[in-house]
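Here the structure is laid out as structure tokens; the discussion comes afterwards.
The values are calculated or read from the model by the stated rules, or taken from the named source; none is laboratory data. Everything numeric here is computed off the predicted structure, so don't read it as measured data. Ideal geometry is used to build each Cβ from the backbone, glycine not excepted, and the neighbour counts take in all protein chains shown. Note: areas computed on protein heavy atoms with side chains; ligands, DNA, RNA excluded. Shrake-Rupley method; radii C 1.70, N 1.55, O 1.52, S 1.80 Å.
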Amino acid sequence: MPIAGRVVGKVQPKYLMAIGLSITAASMFYLTGINTQIDFRHLAWIRAFQCIGLPLFFVPLNTIAYSNLPRGKNNNASAMMNLMRNLGGGIGISLAITMLYRRQQFHSDRMAANATMGKQAFVDHMNAHGGFTTQSLAGFITWCSSKR
């Protein structure tokens with residue numbers, strides 16, 4: 001953040017904002033390829049890039065927001081900026097949770113549809129990896145079907 005604050009006076013804020021958003025977008029795109037085997041080093045680098053990109057976006061944004069305001073209006077502008085940031089964050093989180101829930105429901109339905117005693121590949125896989133008996137498998141299928 002201190003570096004972004006110093007650079008804001010030398011480079012136009014719109015360019016810093018574009019660079020910050022690009023760096024953050026690249027780090028978020030890199031997150032799409034992670035799995036449970038990711039090591040700490042890769043995760044730390046992703047977070048480092050996020051921490052480089054976000055100040056390059058938010059410091060110029062605040063500079064632009066307050067640049068042409070009279071002194072008496074700074075408190076109102078600060079309140080409005082915080083309101084919009086919190087509102088945007090709340091809407092974003094709500095949309096992300098809704099999408100996650102819908103995809104989870106979709107995949108749960110797909111798994112329940114394929115978890116039948118008639119699917120020999122499924123029965124063989126469960127017996128090989130989980131040691132399920134026919135009775136416990138039937139209970140699992142009943143439980144999955146009730147979640148539809």
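Cβ-Cβ contacts under 7 Å between residues 6 or more apart (or on different chains), taken from a first residue in segment 82-100 that is without any contact (Cβ under 8 Å) to a residue 24 or more places away in the chain to a second residue that is open to solvent by 70 Å² or more (accessible area, probe 1.4 Å) and not in a helix (DSSP H, G or I), are absent.
I'd like the full set of residues that are of a type in the set (A, V, I, L, M, F, W, C) and within 22 Å of the chain's Cα centre (by Cα), limited to segment 62-88. Listed by number, the residues that qualify are Leu83, Met84, Leu87.
Working carefully through the options Ile38, Ile34, Ile3, Ile52, find the one that is surrounded by 12 or more Cβ atoms within 10 Å (Cβ to Cβ), over 19 Å from Ala65 (Cβ atoms) and modelled with pLDDT under 90.
That would be Ile38, the only listed residue that is surrounded by 12 or more Cβ atoms within 10 Å (Cβ to Cβ), over 19 Å from Ala65 (Cβ atoms) and modelled with pLDDT under 90.
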